[in-house]
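Here the structure comes first, spelled out in structure tokens, and everything after it is commentary.
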Amino acid sequence: MTHQGLCATLRLMKLRTYPDPVLLKRSETVENFDEELREKVAQMWDLMYDKGGVGLAAAQVGWSVQLLLMNPSGSREDRDAERVVVNPKVIKSWGKEKSEEGCLSFPDITVDVTRKKGLRLAWQDEHGKQYEEDINDFPARVIQHEIDHLEGVLLVHRMSPVDRIRYRRELEEMLASGTTG
Ligand code: ZN
């Protein structure tokens with residue numbers, strides 16, 4: 001991609017909200033770990049912190065690849081907690097825990113979601129370097145939420161029938177307003 005083309009892509013990077021179709025697609029595996037990818041990752045970090053998120057999947061900025069960012073602390077200063085997770089694979093998981101979850105693509109909605117308590121994850125970073133690590137508790141919840149995004153699975157698919165009724169108006173309004181892309 002030319003420099004000009006890259007700038008155009010970056011300028012267009014904005015948060016996609018439900019029911020944008022890109023959020024419902026399965027994302028493609030990343031094969032090229034190039035400068036363009038790292039530049040987009042930098043833009044995604046800015047967007048995630050701007051919006052007060054703890055995680056962001058590439059699909060949420062209209063980029064349909066197996067890539068997500070997370071920082072469970074939500075603090076830009078806490079660089080050690082930042083992870084760029086590319087092509088993640090859950091090797092095994094354990095336990096169960098129900099807790100509240102929100103999503104930048106569903107503003108104003110918070111629902112209880114049951115997730116695994118922990119998991120062993122294999123992934124690559126933005127340079128293609130391979131990692132494998134056990135992740136537990138809140139960071140495990142964040143990663144499971146973001147991996148859902150890579151599969152096109154959203155909070156609306158995870159919410160209980162009670163929450164679906166509770167948030168019926170919000171969901172109808174989002175559907176009525178159409179895509180944001
Ligand atoms: Zn989300």
About the Cα centre, charge dipole magnitude for the chain (Lys/Arg +1, Asp/Glu -1 at Cβ), debye: 600
Under the 7 Å Cα-to-Cβ spin-label approximation, Ile91 and Asp34 lie apart by a distance in nanometres of 3.1
Which whole-number percentage describes the relative contact order of segment 3-177, with Cα contacts under 8 Å and a sequence gap of 6 or more? 24
What fraction of the DSSP beta bridges in the chain is antiparallel, stated in percent and rounded to the nearest 5? 95
Output ³J(HN,Hα) for segment 71-80: one whole-Hz value per residue in order, computed from phi by the Karplus curve 6.51 cos²θ - 1.76 cosθ + 1.60 with θ = phi - 60°, and x for Gly and Pro. 9, x, 7, x, 10, 4, 6, 8, 5, 5
May I ask you to derive the relative contact order of segment 25-104, considering only C-alpha pairs under 8 Å and at least 6 residues apart, and to give it as an integer percent? 27
Value at 222 nm in deg cm²/dmol, rounded to 500, when DSSP H runs of n ≥ 4 in the chain each add -39,500 (n - 2.57): -9500 deg cm²/dmol
The chain - percent of accessible surface contributed by carbon and sulfur, probe 1.4 Å: 47
Would you kindly find the accessible area of Thr29, with a 1.4 Å probe and non-protein molecules such as ligands, DNA and RNA excluded, rounding to the nearest 10 Å²? 80
Quick one: putting +1 on the C-beta of Lys and Arg, -1 on the C-beta of Asp and Glu, what dipole do you get for segment 65-107 around its Cα centre, in Debye to the nearest 20? 280
Dipole check, the chain, charges on Cβ (K,R +1; D,E -1), about Cα centroid: among Ala122, Leu15, Phe106 the Cα furthest to the positive pole belongs to Phe106
In percent, how large is the relative contact order of segment 57-142, given Cα pairs closer than 8 Å and 6 or more residues apart? 25
State the extension gain, in nm to one decimal, for the chain segment bounded by Leu175 and Gln43, taking 0.36 nm per residue of separation less the distance between their alpha-carbons. 44.8 nm
Under the 7 Å Cα-to-Cβ spin-label approximation, Ser73 and Phe138 lie apart by a distance in nanometres of 1.1
Obtain the nm distance between the two label points defined at Thr110 and Lys98 by a simple spin-label model: each point lies 7 Å from its Cα along the Cα-to-C-beta direction. 1.7
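The values are calculated or read from the model by the stated rules, or taken from the named source; none is laboratory data. All values derive from a computational prediction rather than experimental measurement. A quick note on method: Cβ atoms are made from the backbone with ideal geometry, for glycine too, and the neighbour counts reach across all protein chains shown. Side chains included, ligands, DNA and RNA excluded: accessible areas come from the protein's heavy atoms. Shrake-Rupley method; radii C 1.70, N 1.55, O 1.52, S 1.80 Å.
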